[in-house]
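Participant: Handing you this structure, nothing more for now.
No lab work stands behind these numbers, since they all come straight from the coordinates. Every value quoted in this text rests on a predicted model; they were computed, and no experiment measured them. Ideal geometry is used to build each Cβ from the backbone, glycine not excepted, and the neighbour counts take in all protein chains shown.
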Amino acid sequence: MDSITRLFEVAAKADRLGLTVTRVGLVVVLVWIGGLKAYKYEADGIVPFVANSPVMSFFYADAGNYKSHMNPEGAVVPANLAWHEMNRTYPFAIGLGSVIVLYGLLIALHPWLPQAAAIGSFLVFVMSFVTLSFLITTPECWVPDRGGPEHGFPLLSGAGRLVIKDAIMMGAALVTMADSAKAYLRVRATWPATNLKLEAVAA
């Protein structure tokens, strides 16, 4: 057997490790990013996405006027801070972050409650679908026209590059959902036999 074939055989056996890495990666990203929503700089950063979303903008008190109140990351402008507080930017971000952390914790329950992990993965799939919709609703996802030749579709801005990565998270969520669902079905399939053994012992 040549070395190339051996390498491919090793790669073919890495599927379970890949699933574990995918699941752990989802948990880390969801808990970390969700936790960051409690910080004002992160809450400020998601404002364009929420303000332009037809299904989320109602959470803000003054979604239409966000552009003149955006803070660069790490900067503190008292007037902008006051506006965001009035806009309900920070309570919404904390609520959203709590939900995202919850999704991550549900996926982390896979070894003990695979049915909960499957639900968590499905919710992440839905969340990723909503996030990808920002490419349509959020103008800031595309390089703006500032007089140069490079702007608009398909030239993703920093915000757009951040959003498009959710396509990977969507796929990862489907993979972990299917794996958790299979694990739950395997456990459930053993219940009748387990119950029969317990009844026999009791008799």
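Participant: Within the stretch 158-186, list the residues whose amide N lies under 18 Å from a label point set 7 Å along Cα→Cβ of Glu150.
Facilitator: 158-162
Participant: Moving on. Taking the number of other C-beta atoms within 10 Å as the exposure measure, put His84, His151 in order starting with the fewest.
Facilitator: His151, His84
Participant: Taking square-rooted eigenvalues a ≥ b ≥ c of the alpha carbon gyration tensor, is the stretch 1-92 rounded, prolate or oblate, where a/c under 1.5 means rounded and, failing that, a/b exceeding b/c means prolate?
Facilitator: The shape class here is prolate.
Participant: What do you get for the angle between helix 191-202 and the principal long axis of the chain? Use alpha-carbon atoms, 0 to 90 degrees, nearest ten.
Facilitator: Its long axis makes an angle of about 50 degrees.
Participant: Give the total of Lys-Lys pairs in the stretch 3-202 with Cα-Cα distances below 21 Å; include a pair only if its members are 8 or more places apart or on different chains.
Facilitator: Number of lysine pairs found: 4.
Participant: Across the stretch 75-88, in residue order, what do the Karplus-derived ³J(HN,Hα) couplings come to in whole Hz, using 6.51 cos²θ - 1.76 cosθ + 1.60 with θ = phi - 60° and x for Gly and Pro?
Facilitator: Karplus values, whole Hz, x for Gly and Pro: 8, 10, 10, x, 5, 5, 4, 4, 5, 5, 5, 5, 6, 6.
Participant: Could you pull out which residues in the stretch 148-170 have an amide N less than 18 Å from a spot 7 Å beyond the Cα of Val130, following the Cα-Cβ vector?
Facilitator: Hits in the stretch 148-170 for Val130 at 18 Å: 163-170.
Participant: Round to the nearest 10 and give me the degree value, 0 to 90, for the angle of helix 3-12's Cα axis relative to the longest principal axis of the chain.
Facilitator: Its long axis makes an angle of about 80 degrees.
Participant: Would you please classify the overall shape of the stretch 83-182 from the alpha carbon gyration tensor, given that a ≥ b ≥ c denote the square roots of the eigenvalues, rounded means a/c under 1.5, and beyond that prolate means a/b larger than b/c while oblate covers the rest?
Facilitator: oblate
Participant: Same structure, new question: Mind ordering 66-75, 123-132 by average Cβ neighbours within 10 Å, highest first?
Facilitator: Highest mean packing first, the order is 123-132, 66-75.
Participant: Taking amide H positions as placed 1.01 Å from N in the peptide plane, with prolines and chain starts having none, which residues 5 or more places from Trp142, or on another chain, fall under 5 Å of its amide H?
Facilitator: Excluding prolines and chain starts, which carry no amide H, the hits are Ser157.
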